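J.: After the structure tokens below, expect a handful of questions from me.
The values are calculated or read from the model by the stated rules, or taken from the named source; none is laboratory data. Every value quoted in this text rests on a predicted model; they were computed, and no experiment measured them. Cβ coordinates were reconstructed from backbone atoms using ideal geometry, including for glycine residues, and neighbour counts include every protein chain displayed.
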Amino acid sequence: TIRPFSEIPGLWKNGVANLYNFWKLDGFKNLHRIMLQNFNTFGPIYREKVGYYESVNIINPEDAAILFRAEGHYPKRLKVEAWTSYRDYRNRKYGVLLKNGEDWRSNRVILNKEVISPKVMENFVPLLDEVGLDFVARIHKKITRNGQNKWTTDLSQELFKYALESVSTVLYGERLGLMLDYIDPEAQHFIDCITLMFKTTSPMLYIPPALLRQIGAKVWRDHVEAWDGIFNQADRCIQNIYRQLRLEGGPPKKYPGVLASLLMLDKLSIEDIKASITELMAGGVDTTSITLLWTLYELARYPNLQEELRAEVAAARAESQGDMLEMLKRIPLVKGALKETLRLHPVAVSLQRYTAEDIIIQNYHIPAGTLVQLGLYAMGRDPKVFFRPEQYQPSRWLRTKTHYFRSLSFGFGPRQCLGRRIAEAEMQIFLIHMLENFRVEKQRHVEVQSTFQLILLPEKPIILTLKSL
Ligand code: HEM
Ligand code: 2DC
């Protein structure tokens, strides 16, 4: 017999009391650990209400399959009110990230062609390869200056710059120059604004931004300042390309970037294009850079694996005579490493959908319109889902059986990450160049945990040593 919705275990009766307990557990930073613990307490499904945020949580791949089958034609994830409130407050349009319904779909279909179709990857790869080469050249210079044939550092700032340079070169078809010694202070400010924007979002998942705005709370003010900085910088970049396009007139000789392609295509309004380009630029920094940092950390922990990856890259280089597009087809273990990093250190703690129809999960009835969350972080560490989950083992992804609703780091279906292909290519190219040039080491016995700042970040700096090969 099917059990009713009201019998799902969990704490969902008193949102305010739960928010208080959540706050006492420092829940704003520990969401991933709290979710893991809730699955341990309640089993593979639980209901929860914290503040005004109400959801049903699941962890099994089979249940994820049921959820995504019921996502409907206009999949909708949790509305991040802090982000929509800012746009409403400043009278700015929503981009693809925040739109819903038909408006989302029609924008997304056009963006898909310019951002994640295989056809455009041919244009992106050479641009990204150039940034990768400049990055390793920059590290070589740092090592030389250091004078000891090695450089020990927290790479996160360098990686933020690599990520912003990569996504910008693809969006605008030109370089920002962030791999140089003296960078535009505006670009650095943009990077800082993104971090602040993420950090100030998490409390507002539980406390309505409208309320925080009324009482003039600092989080809200900081959040507005952060988005203002993001939009100002993106506006400058967009204006610049728009002006160039006006001056040039005729069709460009080389690939002009996503923005110019969208402008020439003339299928989306300029305001819609600006909104989504801004989101792509902002979404393209902390996500890939932190994933790369975690990957280097794992490779430093497993030196033998690092050598195995290096050998794969060397063979791929030889077979493809340096053609990067070809090379990317010959590095399954490098791809497995990135999947493995995202399994243990996902950017998104959870995936969410509002169900479009009634479904049954774990024998409970779940009515249409319910917010259901798949605990990605918890799933990645569940021994029932992954054999020896604590081990970093890229080769597990070489078996197809591993994949059934388990490889979900970028989300699923038509609403999955729009930046996915850019992110994957950018990260693969980065690892290729790093493995070809440096050995990565770390101090022993240093374990780094995650902290939740809307996305999951390392809770303390990751210090690595890079040695020239
Ligand atoms: C959405 C993960 C990098 C732009 C998402 C979602 C996830 C995700 C889980 C939600 C998908 C869903 O609900 O099914 C990641 C990870 C990244 C990454 C793990 C890198 C390691 C990027 C990059 C960009 C980007 C580089 C921009 C170039 C976006 C956008 C959306 C999105 C615009 C919203 C798409 C929509 O609502 O239609 N991402 N992301 N992401 N991501 Fe990413
Ligand atoms: C955070 O409980 C935890 O890709 C919440 O590039 C549920 C939730 C909702 C939406 C998720 C968010 C979590 C994590 C960060 C995500 C976001 C959707 C898109 C965003 C996953 C899981 C991200 C990082 C985008 C951000 C682009 C933006 C800054 C312009």
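J.: Would you point out which residue out of LYS199, LYS150 is under 20 Å from the mean Cα position of the chain (by Cα) and of a type in the set (D, E, K, R)? Reasoning before the result, please.
T.: Values: LYS150 fails: under 20 Å from the mean Cα position of the chain (by Cα).
Only one candidate qualifies: LYS199.
J.: Name the single residue that is nearest to GLN373 (Cα to Cα) among those in segment 1-46 being outside any strand (DSSP E or B) and among the small types (Gly, Ala, Ser).
T.: The first filter runs over segment 1-46 and keeps only residues outside any strand (DSSP E or B), leaving 1-2, 4-9, 12-44.
With among the small types (Gly, Ala, Ser) added as a condition, the list becomes 6, 15, 17, 27, 43.
Working: SER6: 17, GLY15: 17, ALA17: 21, GLY27: 17, GLY43: 14 Å.
The extreme case among them is GLY43.
J.: Mind checking which residues of segment 244-298 are charged (D, E, K, R) and under 26 Å from MET197 (Cα atoms)? Please lay out each step first, then the result.
T.: As a first pass, look at segment 244-298 and keep what is charged (D, E, K, R): 246, 248, 253-254, 266-267, 271-272, 274, 279, 286, 298.
Passing the criteria: GLU271, ASP272, LYS274, GLU279, ASP286.
J.: From the residues in segment 396-450 that are aliphatic (A, V, I, L, M) and within 8 Å of ligand 1 (Cβ to nearest atom), which one is farthest from LEU164 (Cα to Cα)? Talk me through it step by step, then tell me what you get.
T.: Step one: of segment 396-450, the residues aliphatic (A, V, I, L, M) are 398, 408, 418, 422-423, 425, 427, 429, 431-432, 434-435, 440, 446, 448.
Next, only the ones that are within 8 Å of ligand 1 (Cβ to nearest atom) stay: 408, 418, 422-423, 427.
Numbers: LEU408: 24, LEU418: 16, ILE422: 12, ALA423: 11, MET427: 12 Å.
In this case the residue turns out to be LEU408.
J.: Just one of (1) within 16 Å of ligand 1 (Cβ to nearest atom); (2) surrounded by 21 or more Cβ atoms within 10 Å (Cβ to Cβ) trips up LEU309, so point out which.
T.: (1)
J.: A follow-up question, please. May I ask you to list pairs of residues, at least six apart or on different chains, whose Cβ atoms are under 7 Å apart, with the first in segment 165-184 being within 16 Å of GLY257 (Cα to Cα) and the second being assigned to a helix (DSSP H, G or I) and of a type in the set (Asp, Glu)?
T.: What qualifies is SER166/GLU426; ARG175/GLU165; LEU176/GLU165.
J.: Can you find a residue in segment 144-162 that is in contact with a helix residue (DSSP H, G or I) (Cβ under 6 Å, 6 or more places away or on another chain), basic (Lys, Arg) and more than 16 Å from ligand 2 (Cβ to nearest atom)?
T.: Within segment 144-162 (the criterion being in contact with a helix residue (DSSP H, G or I) (Cβ under 6 Å, 6 or more places away or on another chain), basic (Lys, Arg) and more than 16 Å from ligand 2 (Cβ to nearest atom)), the answer is no, since none of the residues qualifies.
J.: What about GLN428, is it away from ligand 2 (no atom under 16 Å from the Cβ), among the polar types (S, T, N, Q), buried (at least 18 other Cβ atoms within 10 Å of the Cβ) and modelled with pLDDT of 95 or more?
T.: Yes, satisfied.
J.: Does LYS49 satisfy the criteria of being crowded, with 18+ Cβ neighbours inside 10 Å, over 24 Å from the mean Cα position of the chain (by Cα) and within 17 Å of TYR354 (Cβ to Cβ)? I'd like the intermediate steps shown before the answer.
T.: Working: crowded, with 18+ Cβ neighbours inside 10 Å: yes; over 24 Å from the mean Cα position of the chain (by Cα): yes; within 17 Å of TYR354 (Cβ to Cβ): yes.
Yes; evaluated as a whole, the condition is true for this residue.
J.: In the list SER289, SER395, which residue meets the criterion of being of a type outside the set (D, E, K, R), crowded, with 22+ Cβ neighbours inside 10 Å and over 30 Å from ILE45 (Cβ atoms)? I'd like the intermediate steps shown before the answer.
T.: Details: SER395 fails: crowded, with 22+ Cβ neighbours inside 10 Å.
After applying the criteria, what remains is SER289.
J.: So LEU376 fits all but one of (1) of a type in the set (A, V, I, L, M); (2) more than 30 Å from ASP358 (Cβ to Cβ); (3) at pLDDT 95 or above; what number is the exception?
T.: For LEU376, the exception is condition (2).
J.: Can you confirm whether GLU298 is charged (D, E, K, R) and touching a residue at least 24 places away in the same chain (Cβ under 8 Å)? Working first, answer last.
T.: On the way: charged (D, E, K, R): yes; touching a residue at least 24 places away in the same chain (Cβ under 8 Å): yes.
Yes, satisfied.
J.: For segment 276-328, which positions are within 16 Å of ligand 2 (Cβ to nearest atom), charged (D, E, K, R) and out of contact with any Phe, Trp or Tyr (no Cβ under 8 Å at 6 or more places or on another chain)?
T.: Of all residues in segment 276-328, those within 16 Å of ligand 2 (Cβ to nearest atom) come to 276-294.
If we keep only those that are charged (D, E, K, R) too, we end up with 279, 286.
Once the filter is applied, which keeps residues that are within 16 Å of ligand 2 (Cβ to nearest atom), charged (D, E, K, R) and out of contact with any Phe, Trp or Tyr (no Cβ under 8 Å at 6 or more places or on another chain), segment 276-328 yields only GLU279.
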